[in-house]
Each structure stands twice: as C-alpha cells, then as structure tokens.
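Readers should treat all values here as calculations from the given coordinates under stated rules, not as data from a laboratory. The structure displayed is predicted, hence computed values, not measured ones. Glycine also receives a Cβ, built like all others from the backbone with ideal geometry; neighbour counts cover every protein chain displayed.
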C-alpha cells in the first residue's frame, strides 16, 4: 500500500482519518477513538450536525420528496458513514431531537425511526436506528415488515409485489445493510434476521454483484459508478464494502467485482470520484467528479486489503 496515498488520506477530514487508522493502519484503539471523537466537533460531521433545525429536521424534510439530499434520512446516513460517534454529546442531542419531533407525515405521523412502507427506505431507517442506538418498537415494526417482504429469490424490491417478484440490487443492498447494523447492535440474537441477510447477500453473490444471472451481462452501467454519499443507489464498491463489514473470508464469487474495482485505480494509486447521484442540496463531502476521491480510495483499499491483500501490497 503506497505511503503517499496513506499520507494523503490522513491529511483529510477526521471522518476519513479515523477510518484509515482503523482499516488500513491497524492503529491502537485509543488513538482511533480519539480521532473518531473529532467527527462530532470538527469538519464535515460538525457542519452536518450544526445544520439541524431546532425541530429535529434537516432541510425541513424527513426524506426529500423532490430528491433533496439534506433531509433527515440522508443526513443521518451520511453521519453514520462518517462514523459520527453515537455517544458524543452533539450526536446524541441531534438524534434525541429526531426521536422527539420527526415524523412521516404521509404515513399517519409515524415516528421517523418506525419507518414507512418501502423496503429500501426502511432498510436505511433500520441502519440509522441501530447505529444511533434507537432500537425499540419502531425497529421491531421494520424488522417484521422486511422479513415478511423478502422475495422468493432472496432479495427485496421497493416495487409492489403485484408488480414485480424480482428483487432489486438497490433495495436488497439497502435492506441487508440495515439488517447487518441491527445484528451488530443486538449481538445477532435473532437467527431469522441473520438468515434473511444471508439470503439477500446470496442474491447478490449469485450475480457477481453486478451481472444478470441469466446472461452474465452488466445489469446497469451505473453500478460501476462509485460516488459518495451513496444515498439509496447501488454500486459495486458499496456492495463490496458491505461484504467486508459483514466479516469472514471473501467469497470467491466476489472476484469479478474486485477486478472491476482494481480497473478503476489510477496510476497514482487513488480512485477518482464518480458522477454524483441525482438530487438537490447535496452534501459535498467528497471530491468533484473525476478528481481523486478520499472516500473511494479509502473504501477500495480496505475492501482490497480484506479480500485481495496481494493487490495492495
């Protein structure tokens, strides 16, 4: 792994730095914890926390009906991806405001952490609830829905069941990310949750994370576009990072996806930022399109360090 790339990453935001220390350097826990704590008080994390209104909302929206990305849903996702420490006072205060006041107005004013009706949305809400320590009746509701809504092929689809019995890569990844966060928070106590997550993972593995099972062709070109924040959009790097986070040895069926990631590495050892996903009021927490991306570089290197260490030295 190139020293100049690591130095470049460490020169960035605290949210990148602490994850480099943990995932690429194996730094001592106390040093990692000290750096991670800064996410709540400096850089991107502090700016996102400061943008919350007194009523608990970001951007005045729970989700963003016109694809606004500064809503409660996506701000919490970005804070989670930054690794904002859930027990830090500014983070705890922000989450408490969400618990107290944020509701799904179009769904009978259900509390935010109770979710709504779409699988991809509920997977993200569950991930946020588990990460920020807000499990309870609301997350129980989400779990029950997700287990019931799994399709015969093992995945999920936000399209109504009477319109499609075929799973979606986007919906499936959103759900299995949420289930994994739930397992981490609860100590994997519910075998049904683990089984459902693994079936969803198998759905993706059977398709090499980006291919049609029937023909082997690329499902959608955008699956090879690596962009951060990810929002609800599927891409191969995001999926690989999920499998890394789930632990255990890398499945051999990940090889084509790993090769795809390696193909996008530049001669300077970095990965470029992809095209930003659609939506207004985005948080610009990564480099512009085509420029060296700290987030893509960090995520790619830690995936490769886990699954193909020889490729990164």
query = Restricted to the stretch 202-212, and to residues that are part of a helix (DSSP H, G or I) and in contact with a helix residue (DSSP H, G or I) (Cβ under 9 Å, 6 or more places away or on another chain), which residue is farthest from residue 139 (Cα to Cα)?
reply = 205
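Filter the helices (runs of 4 or more DSSP H) completely within the stretch 1-89 down to those with at least 2 residues that are closer than 23 Å to residue 181 by Cα. Spell out the reasoning first.
Numbers: elements: 3-10, 14-20, 29-37, 43-50, 72-82.
In the stretch 1-89, the matching helices (runs of 4 or more DSSP H) lie at 14-20, 29-37, 43-50, 72-82.
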ask   = Just wondering, is there one or more residues in the stretch 184-193 that are buried (at least 17 other Cβ atoms within 10 Å of the Cβ), out of contact with any strand residue (DSSP E or B) (no Cβ under 8 Å at 6 or more places or on another chain), more than 21 Å from residue 259 (Cβ to Cβ) and free of Cβ contacts under 8 Å to residues at least 60 places away in the same chain?
value = yes
key: Count of residues meeting criterion [in contact (Cβ under 8 Å) with a residue 60 or more places away in the chain and in contact with a helix residue (DSSP H, G or I) (Cβ under 7 Å, 6 or more places away or on another chain)] in the stretch 244-268   = 3
key: Any chance residue 227 is out of contact with any strand residue (DSSP E or B) (no Cβ under 9 Å at 6 or more places or on another chain) and surrounded by 15 or more Cβ atoms within 10 Å (Cβ to Cβ)   = yes
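Output the residue which, of all residues in the stretch 116-127 that are free of Cβ contacts under 8 Å to residues at least 60 places away in the same chain, out of contact with any strand residue (DSSP E or B) (no Cβ under 6 Å at 6 or more places or on another chain) and surrounded by fewer than 24 Cβ atoms within 10 Å (Cβ to Cβ), is nearest to residue 178 (Cα to Cα). Walk me through it before giving the result.
Filtering the stretch 116-127 for residues free of Cβ contacts under 8 Å to residues at least 60 places away in the same chain gives 116-119, 122-123, 125-127.
Those left that are additionally out of contact with any strand residue (DSSP E or B) (no Cβ under 6 Å at 6 or more places or on another chain): 117-119, 122-123, 125-127.
Those still in the list that are surrounded by fewer than 24 Cβ atoms within 10 Å (Cβ to Cβ) too: 117-118.
On the way: 117: 15, 118: 13 Å.
Among those that are free of Cβ contacts under 8 Å to residues at least 60 places away in the same chain, out of contact with any strand residue (DSSP E or B) (no Cβ under 6 Å at 6 or more places or on another chain) and surrounded by fewer than 24 Cβ atoms within 10 Å (Cβ to Cβ), it is 118.
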request  = Please specify each residue of the stretch 258-290 satisfying the condition of being touching a strand residue (DSSP E or B) at 6+ places or on another chain (Cβ under 9 Å) and part of a helix (DSSP H, G or I).
outcome  = 261
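Every residue, every condition in (1) in contact with a strand residue (DSSP E or B) (Cβ under 8 Å, 6 or more places away or on another chain); (2) within 22 Å of residue 174 (Cα to Cα), yes or no:
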{"residue": "25", "(1), (2)": "no, no"}
{"residue": "35", "(1), (2)": "no, no"}
{"residue": "58", "(1), (2)": "no, yes"}
{"residue": "61", "(1), (2)": "yes, yes"}
{"residue": "71", "(1), (2)": "yes, yes"}
{"residue": "90", "(1), (2)": "no, no"}
{"residue": "99", "(1), (2)": "yes, yes"}
